[in-house]
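Data first, discussion second: the structure below is written as structure tokens.
Derivation of every value follows stated rules applied to the coordinates shown; laboratory data play no part. All figures in this text were calculated on a predicted structure; none of them were measured in a lab. Cβ: placed from backbone, ideal geometry, glycine included. Neighbour counts: every protein chain shown.
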Amino acid sequence: MSDLMKKQGAFSWNELMTTDVSAAKVFYGKIFGWELEDMVTNDMVYTIAKKDGQEVAGIMGTPPEAGDMPPMWGAYVTVDDVESSAKVAEELGGKILLTPRDIPDVGRFCVISDPQGASLMLITYDRKMLLKE
């Protein structure tokens, strides 16, 4: 992750949630020449996509709480404080679609939508995560 992506307001991560992780890995691995590395987290397998050794995206199975949501790519924007940023989004007419919660060893995130309905994930990375690169 570049230093710019660690700053307030920078797009810092892209993630695919899909119903068929294996097929997605074949598709994106071939089309983009990504190296794919599975890592086991608390309760799932998460695939890190790399290009020339640099982490560029993640691929995961759609979690049960997402219901019938179709497969989709989501973007994360770095914020200094997830809770306060989510509150400001609401004050500006947006909605909190997923309340702030932790991603172990990564940081704290939430999902918001703007007043027009476009969704986006906000994330505050753990200090340890930011220092490891």
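When the test is whether a residue is surrounded by 11 or more Cβ atoms within 10 Å (Cβ to Cβ) and under 16 Å from the mean Cα position of the chain (by Cα), Thr19 does not pass it.
If you check Tyr46, Tyr76 for being in contact with a Phe, Trp or Tyr (Cβ under 7 Å, 6 or more places away or on another chain), surrounded by 11 or more Cβ atoms within 10 Å (Cβ to Cβ), assigned to a strand (DSSP E or B) and aromatic (Phe, Trp, Tyr), only one passes: Tyr76. Of the residues making up the range 86-105, not a single one is crowded, with 16+ Cβ neighbours inside 10 Å, polar (S, T, N, Q) and not in a helix (DSSP H, G or I). Candidates in the range 10-40 are the residues that are part of a strand (DSSP E or B), hydrophobic (A, V, I, L, M, F, W, C) and in contact (Cβ under 8 Å) with a residue 24 or more places away in the chain; of these, the one that is nearest to Gly58 (Cα to Cα) is Leu16. Of the residues contained in the range 53-60, none is found to be over 24 Å from Lys30 (Cα atoms), in contact (Cβ under 8 Å) with a residue 40 or more places away in the chain and surrounded by 18 or more Cβ atoms within 10 Å (Cβ to Cβ).
Of all residues in the range 67-116, which are β-branched (Val, Ile, Thr) and more than 23 Å from Asp3 (Cβ to Cβ)?
Val88, Ile96, Thr99, Val111, Ile112
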